[in-house]
1. Where the centroid of each part is defined by its Cα atoms, how far is the stretch 234-255 from the stretch 48-69 in Å?
2. With every protein chain left in place, what is the accessible area of Val428 in Å² (1.4 Å probe, nearest 10)?
3. Just the number, please: Stokes-Einstein D of the stretch 176-287 in µm²/s, Kirkwood Rh from C-alpha pairs, 10 °C, 1.306 mPa s.
4. Would you calculate, for the chain, the mean residue ellipticity at 222 nm contributed by helices, counting each DSSP H stretch of 4 or more residues as -39,500 (n - 2.57) and dividing by all residues, to the nearest 500?
5. Could you please tell me the mean projected area of the C-alpha convex hull for the chain, averaged over all directions and given in square nanometres to one decimal?
6. If each residue of separation counts as 0.36 nm, what is the full-extension length gain between Asn78 and Leu176 once their alpha-carbon separation is subtracted?
7. Carbon and sulfur: what percent of the chain's accessible surface (1.4 Å probe)?
8. Stretch Gln269-Leu165 to full length: gain in nm at 0.36 nm per residue minus the Cα-Cα span?
Amino acid sequence: MAEPAVPNPASRGGAFDSHHPPSPDLIDKCVHCGFCLSTCPTYALWGEEMDSPRGRIYLMKLGLKEDGQVQLDPTFVNHMDNCLGCMACLTACPSGVQYDKLIEATRAQIERNYPRPIADRMLRRMLFEFFPRPERLRWLLGPMRIYQRSGLQSLARRSGLLKLLPASLGAMEALLPSLRRNTSSGILPERIEAQGQRRLRVGMLLGCVQSIFFPEVNAATARVLAAEGCEVVIPKDQCCCGALMIHTGEEKEALDYARRTIDAFERAQVDALVINAAGCGSNMKDYGYLLREDTKYAERAKAFSAKCRDISEILVQLEPRAARHPILLKVAYHDSCHLQHAQAVRTQPRAVLGKIPELQILEPAEAALCCGSAGIYNLVRPGPAKELGERKVRSVLATNPDIVASGNPGCLLQLRAGLSASGSGLAVVHTVELVDASIRGLPAQSLRAR
Ligand code: SF4
Ligand code: SF4
């Protein structure tokens, strides 16, 4: 689809160009009641109105005015950049304000029209060149392994040398997943047969970060689906779903990825699409909206989104067929924001875990509050992300768990880094890894050692 020509915002008076500015109708739904403030992580950190959902919506409203009172200047952009996109305000808002649509539109405006400082541009570009491209992420595995296995990592961490790095690079280092495990375990065939009578033919999204840093999660997902009677199709030509790009305002690239993802899974002719990364799932469920003006894709995108399911949703829908063996552990379940807020998936992961005999589910306090991961937030805003991570770790540890579980690779990385920095050796696993271990009858100790 040809890209629309958009006039420069300066020629219109307001802060935004004419290509999908934040919708005045959606903005007007905000009645300024403030119910969202207590669940907003940036408001919780700083108590600053302009770093709350209500304040950001107000800034957007001023940006729409043609008197030029508010422009895309560093102050405006900073308040928008501070937002984690966690969507806790969606859950909290009694007036149904669609903050997700507002912030996405605003971020796209910023990326089109605001000249970011060079260091910021370079960091973002580097992240966009790697994160949505598993083949490039794979290049990093070799050097990362050498760094970790040679003892360089422990030395660098002990020596305090890492404190000399720019904050974003320091955060990246702290988040590096341990590569002790064999990553080839996650190389999956294009089709896996259902065990027993087939109940569904499902497509499986591998995810960019998931496929490279958590291949064991994809392997577990495929095993569980097959054990539950699903024929699993994993198209080789699938690409990034575009979640990272849409959440950071890179609209054009995001929509290109969305179209390619639809193409790949349409060819696979599946009944449902299973996703085990919450950020990807919330984005794919939104394709119908994102591609609403694309004459070739609008209808297909709607049909595609209707088929998308988080792994926990599909497991609840199917009801267990494979026997579950006991796992005698206390698991602290951490709700990923893109599951609990963006997809309203809260009961399903608990229901899935609840089917595992002897597994005790613990509920950390402040469940609605983001752990600070939020896509690339912990890399571009490492300070507040670290504070939120530490806060989340305190809540998790207060439940005295044996293990921690969550449904999103970003949360797994953030929690592992936070727990490790706190001196805790607790393992953090994906929810589906517990289900897989239960079906296979693995000993609890094997999970605690992950
Ligand atoms: S998305 Fe999260 S950080 Fe952003 S305004 Fe809403 S609650 Fe606050
Ligand atoms: S809860 Fe909703 S209506 Fe109330 S201030 Fe927040 S966004 Fe506005």
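1. If you average the Cα positions of each part, the centres end up 28 Å apart.
2. Val428 has an accessible surface of roughly 0 Å² with all protein chains in place.
3. Stokes-Einstein gives a translational diffusion coefficient of 109 µm²/s.
4. Mean residue ellipticity, 222 nm, calculated: -14500 deg cm²/dmol.
5. For the chain, averaging the hull's shadow over all directions gives 20.9 nm².
6. Separation in residues times 0.36 nm, less the Cα-Cα distance, equals 32.6 nm.
7. 56
8. The Gln269-Leu165 span can extend by a further 32.6 nm.
The values are calculated or read from the model by the stated rules, or taken from the named source; none is laboratory data. Computed from a predicted structure; not experimentally measured. Because the Cβ atoms are built from the backbone with ideal geometry, glycine has one as well, and the counts that use them run over all protein chains shown. Areas reflect the complete protein model, heavy atoms only, side chains present, ligands, DNA and RNA absent. Shrake-Rupley method; radii C 1.70, N 1.55, O 1.52, S 1.80 Å.
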